[in-house]
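Input: a single structure, listed below in structure tokens.
The values are calculated or read from the model by the stated rules, or taken from the named source; none is laboratory data. This structure is a prediction, so every number in the text was calculated from the model and none was measured. FYI the Cβ positions are ideal-geometry reconstructions off the backbone, even for glycines, and counts take in every protein chain you see. These area figures cover heavy atoms from the full protein model, side chains too; ligands, DNA and RNA do not enter into them. Shrake-Rupley method; radii C 1.70, N 1.55, O 1.52, S 1.80 Å.
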Amino acid sequence: MKTAAVDPRLPPPGSPHALERYYALHARVYDATRWSFLFGRDLILELAAGARPHPARILEIGCGTGRNLVRLARLFPHAHLTGVDLAPSMLAVARRQTAAYGPRISLRGQAYDAPLDPTDRFDIVLCSYALTMFNPGFAPAIAAAHADLAPGGYFAFVDFHASRHRWFTRWMGVNHVRMEGHLRPLLQSTFTPVIDEVHSAYGGLWDYALFLGRRKKSP
């Protein structure tokens, strides 16, 4: 199969510049439109709350508009939350949406390819519809998440998984999303699975994955 030619004047797909160009157009309407296909986001928060009901610190990788951070702040009124995202346009929305929570929610504009603070770890690390856009970079992000978890902490994940329709997989690739079932095996080997499910969306147009895993004990 031939690959499309890449215009050398444009940033490569998945690069910080390409993602910012994409989200600069979508940030303002993201929450109003994504509910129709980003399934499982509230469920993974409930599963994380059931596994770790009293977390002190929570990290969200790829926090986007801050939608999940606001829900987490309500679920866990005594927790401190940190959100990391690479797109300035999305973080601008997140700052407005989380402002009411003051210093309880902190936001960091950076790539997530290394642990944030090994000396002060997190009880829950959440990644919701972000890792399929880490291309390259998903493997370092998963390793960093494990290192960022406190002993007994949980990694909570929901994202696109795969599609049996090549045209849909290609279309999602145009939107910076890789849907090749490549994340679950790495999650399964990095964390101790507690919940590991694949669900069908829109009659099988695509599948999405729900995963809750516990930090493995150090040897």
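Length gained on full extension, residue 106 to residue 186, computed as 0.36 nm times the residue gap minus the Cα-Cα distance: 26.0 nm. Ordered by solvent-accessible area of protein heavy atoms (1.4 Å probe), largest first, the residues 70, 198 come out as 198, 70. Taking 0.36 nm per residue of separation and subtracting the current Cα-Cα distance, fully stretching the chain between residue 120 and residue 166 would add 12.2 nm. Which shape class, rounded, prolate or oblate, goes with the stretch 52-209 when its Cα gyration tensor gives a ≥ b ≥ c as root eigenvalues, a/c under 1.5 marks rounded, and past that a/b bigger than b/c marks prolate? Cα axes put the stretch 52-209 in the prolate bin. On the stretch 141-185, 58 percent of the accessible area sits on carbon and sulfur atoms, based on a 1.4 Å probe.
Rounded to the nearest whole Å², what accessible area per residue is found for the stretch 28-159 with the 1.4 Å probe? Present the calculation step by step, with values, prior to reporting the outcome.
Values: 5390 Å² over 132 residues.
Per residue, the stretch 28-159 has an accessible area of 41 Å².
With 5 Å bins beginning at zero, the pair-distance distribution over Cα atoms of the stretch 113-190 amounts to 3, 15, 24, 22, 15, 10, 5, 3, 1, 0 %. Residues whose amide H lies under 5 Å from that of residue 206, counting only those 5 or more places away or on a different chain, are 201; hydrogens are built 1.01 Å from N in the peptide plane. Approximating the spin labels as points 7 Å out from Cα along Cα→Cβ, the residue 56-to-residue 175 distance works out to 4.0 nm. Modelled spin-label separation between residue 95 and residue 196, with each label point placed 7 Å from Cα along the Cα-to-Cβ direction: 4.1 nm. Between residue 43 and residue 75, the modelled label-to-label distance comes to 1.4 nm, taking each label 7 Å out from Cα in the direction of the beta carbon.
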